[in-house]
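Novice: Just passing along the structure, written as structure tokens.
The values are calculated or read from the model by the stated rules, or taken from the named source; none is laboratory data. Just so we're clear, the structure is a prediction, and the values are computed from it rather than from any experiment. For neighbour counting, all protein chains shown are included, and Cβ atoms are generated from backbone atoms with ideal geometry for every residue, glycine included. SASA here: full protein model, heavy atoms, side chains in, ligands and nucleic acids out. Shrake-Rupley method; radii C 1.70, N 1.55, O 1.52, S 1.80 Å.
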Amino acid sequence: MTGTVPAVRPARPFFSSGPCAKRPGWTPEALKNACLGRSHRSKPGKAKLKEAIDRTRAVLRVPDDYRIGIVAGSDTGAVEMALWSLLGPRPIDVLAWESFGEDWVTDVAKQLRLKDTRIIKAAYGELPDLTQIDPARDLVFLWNGTTSGVRVPDGDWIPENREGLTICDATSAAFAMDLAWPKLDVVTFSWQKVLGGEGAHGMLVLSPRAVQRLESYTPPWPMPKTFRVTKDGKLVEGIFEGDTINTPSMLAVEDYLDALRWAEGIGGLPALIARADANLAALAAWVKRTDWADFLARDPKTRSNTSVCLKIVDPWFAALGKDAQAAAAAKIANILEKEGVALDIGGYRAAPPGLRIWCGATVETADIEALTPWLDWAFAQVKNG
Ligand SMILES: Cc1ncc(COP(=O)(O)O)c(C=O)c1O
């Protein structure tokens, strides 16, 4: 631990967990070909939306028989569209190990009031017991828990011959982790996470089994227009070809296209995953040699390579009360923000006090490496008053 001000600053201090850092080299010039001032249903407008769907399929290697739609309300909109449209006919398991999982518990149990719901929970830093899931039930879960930095290690725990549907919020996982497509019936994500796009729209990916459910089941509750993906019992296919339900931001679409082109240019999904893994490895090397910080995720197999959450394990910190701990952790983040070294790295408010450092593909490993001495410096400042 050091009181010396580090010599090197991260070239880009952007480590927020959403909206995340823009891709390296991004300038507003990337938006110059946006289809602005025109109808999104015009020929060029629709072509942009279709291109966003097609490039998403190519980069994420989404199976040909899965539908991909652009929807309103970012990832939340996409998840809630799926919950409201699909749930009801079967009992449900919901996994929750941090705050966004808890949000979906609220939707399923308190808003939709689906009685036959099992909530399988774990504390921050842990993953729930995945062997408890029942393949006869629908399953709602996150691939990566953004506020605890705990992810599922793979899709092997989801049975091949399940009867229920799997609904996966993958917003902080898509483009950084291998999603087990054959095990997933609904996958959602937004543009503002791993690819550093603009916040606006959600992506809703549906397996053939999910479509079959949509076409064979009509929920008993009212369905807002922005959630309606079927008409007269048939899927509205146009939504999955760029005919969005309501008006999208064509500026955000152009930005997403720029991010997708960048992703393709560096080598697609394997390159994106490798960049996030390298960032995690750089932080892990520092955690290993530091004595005051550790991963919140206890099991290394479950450690996120995007939203990396750190807890503070120094005895001085452990002896503080809960509020003083939260204040000290916030102080570390604030000092670094003031120095212009790291922006938005405070832990999530509902998580145990600590730091959260985004390691997704748009972050450069050199910047993570440059950040680590600053973490030591800021901690020393706070500890020594
Ligand atoms: C796992 C998870 N789900 C949902 C959301 C909400 O996303 P959005 O604001 O894009 O709707 C977030 C945002 O951080 C998230 O991390």
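Novice: Has segment 175-197 got any residue that is more than 16 Å from Trp143 (Cα to Cα), touching a Ser or Thr at 6+ places or on another chain (Cβ under 6 Å), modelled with pLDDT of 95 or more and of a type in the set (A, V, I, L, M)?
Specialist: No, there is no match, as no residue in segment 175-197 is more than 16 Å from Trp143 (Cα to Cα), touching a Ser or Thr at 6+ places or on another chain (Cβ under 6 Å), modelled with pLDDT of 95 or more and of a type in the set (A, V, I, L, M).
Novice: Quick one: what pairs do we get from segment 314-325, first residue of a type in the set (S, T, N, Q), second part of a helix (DSSP H, G or I), C-beta under 7 Å, 6+ apart or different chains?
Specialist: The qualifying pairs are Gln325/Phe317.
Novice: Next question. Can Lys331 be described as of a type outside the set (A, V, I, L, M, F, W, C), farther than 30 Å from Val71 by Cβ and surrounded by 17 or more Cβ atoms within 10 Å (Cβ to Cβ)?
Specialist: Here the answer is no, as Lys331 does not meet what is asked.
Novice: Can you tell me how many residues within segment 163-199 are within 11 Å of the ligand (Cβ to nearest atom), in a loop (DSSP other than H, G, I, E, B) and either free of Cβ contacts under 8 Å to residues at least 40 places away in the same chain or on the phi > 0 side of the Ramachandran plot (or both)?
Specialist: 1
Novice: Could you please find all residues in segment 251-281 being part of a helix (DSSP H, G or I) and at positive phi?
Specialist: Of everything in segment 251-281, just one residue is part of a helix (DSSP H, G or I) and at positive phi, namely Gly268.
Novice: When you check Pro248 against the structure, is it in contact with a His (Cβ under 6 Å, 6 or more places away or on another chain) and either open to solvent by 40 Å² or more (accessible area, probe 1.4 Å) or assigned to a loop (DSSP other than H, G, I, E, B) (or both), yes or no?
Specialist: When the stated conditions are applied, Pro248 passes them.
Novice: Go through segment 15-38 and give me each residue that's open to solvent by 80 Å² or more (accessible area, probe 1.4 Å), over 23 Å from the mean Cα position of the chain (by Cα) and not basic (Lys, Arg).
Specialist: Listed by number, the residues that qualify are Pro28, Glu29, Asn33, Leu36, Gly37.
Novice: Just one of (1) closer than 19 Å to Met177 by Cβ; (2) within 16 Å of the ligand (Cβ to nearest atom) trips up Thr365, so point out which.
Specialist: Unmet condition: (2).
Novice: Do the conditions hold for Ala342, that is, is it within 18 Å of Gly197 (Cα to Cα), touching a residue at least 40 places away in the same chain (Cβ under 8 Å) and of a type in the set (Gly, Ala, Ser)?
Specialist: No.
Novice: Asp107: within 12 Å of the ligand (Cβ to nearest atom) and surrounded by fewer than 24 Cβ atoms within 10 Å (Cβ to Cβ), yes or no?
Specialist: So Asp107 passes the test.
Novice: Can you find a residue that is within 16 Å of the ligand (Cβ to nearest atom), among the acidic types (Asp, Glu) and open to solvent by 10 Å² or more (accessible area, probe 1.4 Å) anywhere in segment 54-69?
Specialist: No, because not a single residue in segment 54-69 is within 16 Å of the ligand (Cβ to nearest atom), among the acidic types (Asp, Glu) and open to solvent by 10 Å² or more (accessible area, probe 1.4 Å).
Novice: So which of Thr117, Thr147, Thr131 ends up being touching a residue at least 24 places away in the same chain (Cβ under 8 Å), within 13 Å of the ligand (Cβ to nearest atom) and among the polar types (S, T, N, Q)?
Specialist: When all the criteria are applied, what remains is Thr147.
Novice: Here's a follow-up. Does at least one position in segment 125-134 carry a residue that is at pLDDT 95 or above, closer than 29 Å to Trp221 by Cα, out of contact with any helix residue (DSSP H, G or I) (no Cβ under 7 Å at 6 or more places or on another chain) and surrounded by fewer than 24 Cβ atoms within 10 Å (Cβ to Cβ)?
Specialist: yes
Novice: Take segment 75-94 and flag every residue that is of a type in the set (D, E, K, R), surrounded by 22 or more Cβ atoms within 10 Å (Cβ to Cβ) and away from the ligand (no atom under 11 Å from the Cβ).
Specialist: If the condition is that a residue be of a type in the set (D, E, K, R), surrounded by 22 or more Cβ atoms within 10 Å (Cβ to Cβ) and away from the ligand (no atom under 11 Å from the Cβ), then Asp93 is the only one that fits.
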